[in-house]
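Where a number appears in this text, it was derived from the coordinates with a stated rule and is not lab data. Small disclaimer: the values here were computed from a predicted structure and weren't measured. Positions of Cβ are generated from backbone atoms using ideal geometry, with glycine treated the same way; all protein chains shown enter the neighbour counts.
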Amino acid sequence: MDRKSEKPLRLFVNPFAIWTHLALKTGEAMWASAHAAAVRANAPKVAVIPTAEAPQPKAKAPVRFKAAPKVRSKAKVRSKAKVKRRAKQRQG
């Protein structure tokens, strides 16, 4: 095992040097990310212009949304039953 390491012992390191190293690594990461985004953004885009021989695109049927099934709560069913009973009592 090598006795002399490349990095000094953390006990004797200048805190400003640690923050500087962190800032440089962060900047390097941001630079690499921006570079990758720029390369992707400037990539050539290819479009195909259909000719007369090309098949016509298939038209998709419009999607119809079904209404969710109505779920009646027990309380709602009971209240409707009460309303019907009261209406019958008033009539007869």
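Of note:
- Segment GLN91-ARG64, extension gain: residue separation times 0.36 nm, minus the distance between their alpha carbons: 5.3 nm
- Cα→Cβ-extended label distance, 7 Å offset, between SER33 and TRP19, nm: 2.2 nm
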